[in-house]
Amino acid sequence: MTEGADLSFVHLGISVQHMVKSFSVFGVSFAYYGLIIGIGMIAGLFVASADAKRRGQDPDLYLDFALYGIVFAILGARLYYVVFQWGYYKDHLAEIINLRKGGLAIYGGVIAAVITLWIFTKKRGVSFFSMADTACLGLVTGQIIGRWGNFINCEAFGGYTDSLFAMRIKRSIVNESMISQELLDHLITENGIQYIQVHPTFLYESLWNLCLLLFMLWYRRRKRFTGEMLLIYLAGYGIGRTWIEGLRTDQLLIPNTGLAVSQVLSVVVAIASLSILLLRRRKELGESEGKT
């Protein structure tokens, strides 16, 4: 670890001396968090458009959807976060529209995007599941990139670890509300500077989603029914998020319980999607055997 570095992966020999969270253009400050989210959206649209061309669809249809989908996905992600952090926001209403500090919940964005796509396809008279099969490739691409916004903000990390990927962060640059008692019990002090050492769950999720995307790109030519790619995405993401969410220290909890809402939702989504996927695959297999 470089002495005095703001952040480092202690066992990999990687360090960032000074974490910079914003930049200025003509005197106007912009957050890297927002820039990374924007890059993720553009990359996702590119991947979806490329798949649309491969399938003989009109790529402009996805661009038209993106104009609505991106806006409502951001609103949904923020609403989801605010609802489950209402204990804070009810006393800080002006902070609800302040996205510079982060506070976008992926599941809220996914739910809003799905609802928006359903309405969009009804208005355009096209298949929801057909568009969803391509759109989910763009969605997971955006998630792969977008998670690095959490890295810049020094957020969305897990509890203490000394594993290969252990990430050490200066306590002074981390939101105190995200520092659990476990992390306080394992505080590291070097030259009078306090550090926490955590699971980089943003990295775990980014890598998990990358593997999911690569599998989906390989599998898409082998799908047996419309909507199958959407189910694979929901099941794959749900399985990964169930594990990763359990590590995080900034979980959004269901009121009056100790349950993480995203973990519970992930379990439900994964089980439901896998069940439907297996039933549909069995049905398709039975029909194909009946024709032979």
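The figures follow:
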item: Considering residues of segment 81-100 that are part of a helix (DSSP H, G or I) and over 24 Å from Lys21 (Cα atoms) only, the residue modelled with the highest pLDDT; result: Val83
item: Extreme residue, farthest from the chain's Cα centre (by Cα), among residues of segment 155-169 that are buried (at least 18 other Cβ atoms within 10 Å of the Cβ), over 9 Å from Val10 (Cα atoms) and of a type outside the set (Phe, Trp, Tyr); result: Ile169
item: Single unsatisfied condition, Gly103 versus (1) at positive phi; (2) modelled with pLDDT of 85 or more; (3) within 16 Å of the chain's Cα centre (by Cα); (4) small (Gly, Ala, Ser); result: (2)
item: Of the criteria (1) closer than 17 Å to Leu137 by Cα; (2) out of contact with any Leu (no Cβ under 9 Å at 6 or more places or on another chain); (3) among the aliphatic types (A, V, I, L, M), which one Val267 fails; result: (1)
item: Looking only at segment 255-286, and only at residues there that are among the basic types (Lys, Arg) and surrounded by 14 or more Cβ atoms within 10 Å (Cβ to Cβ), the one that is modelled with the lowest pLDDT; result: Arg281
item: Positions within segment 1-16 being closer than 13 Å to Ile169 by Cβ and either in contact with a Gly (Cβ under 9 Å, 6 or more places away or on another chain) or among the hydroxyl-bearing types (Ser, Thr, Tyr) (or both), in sequence order; result: Met1, Ser8, Ser15
item: Residue satisfying all of: in segment 229-286; β-branched (Val, Ile, Thr) and touching a strand residue (DSSP E or B) at 6+ places or on another chain (Cβ under 9 Å); nearest to Ser127 (Cα to Cα) among these; result: Val261
item: Evaluation of Met216 against (1) in contact with a Gly (Cβ under 9 Å, 6 or more places away or on another chain); (2) closer than 22 Å to Phe9 by Cα; (3) touching a residue at least 60 places away in the same chain (Cβ under 8 Å); (4) not aromatic (Phe, Trp, Tyr) (one fails), failing number; result: (2)
item: Residue count, segment 15-60 (criterion: of a type in the set (S, T, N, Q) and in a strand (DSSP E or B)); result: 4
item: Search result, residues across segment 223-260 that are under 17 Å from Val83 (Cβ atoms) and in a loop (DSSP other than H, G, I, E, B); result: Asp250, Gln251, Leu252, Ile254, Pro255, Asn256, Thr257, Leu259
item: Complete set of residues in segment 115-169 that are touching a helix residue (DSSP H, G or I) at 6+ places or on another chain (Cβ under 9 Å), assigned to a loop (DSSP other than H, G, I, E, B) and closer than 17 Å to Asp60 by Cα; result: Val126, Ser127
item: Any hit, segment 15-31, residues being modelled with pLDDT under 90, out of contact with any Cys (no Cβ under 9 Å at 6 or more places or on another chain), under 18 Å from Gly149 (Cα atoms) and crowded, with 16+ Cβ neighbours inside 10 Å; result: yes
item: Gly108, sole failed condition from (1) without any contact (Cβ under 8 Å) to a residue 40 or more places away in the chain; (2) assigned to a helix (DSSP H, G or I); (3) more than 21 Å from Asn150 (Cβ to Cβ); result: (3)
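The values are calculated or read from the model by the stated rules, or taken from the named source; none is laboratory data. These numbers come from a predicted model, not from an experiment. Backbone-built Cβ (ideal geometry, glycine too); neighbour counts: all protein chains shown.
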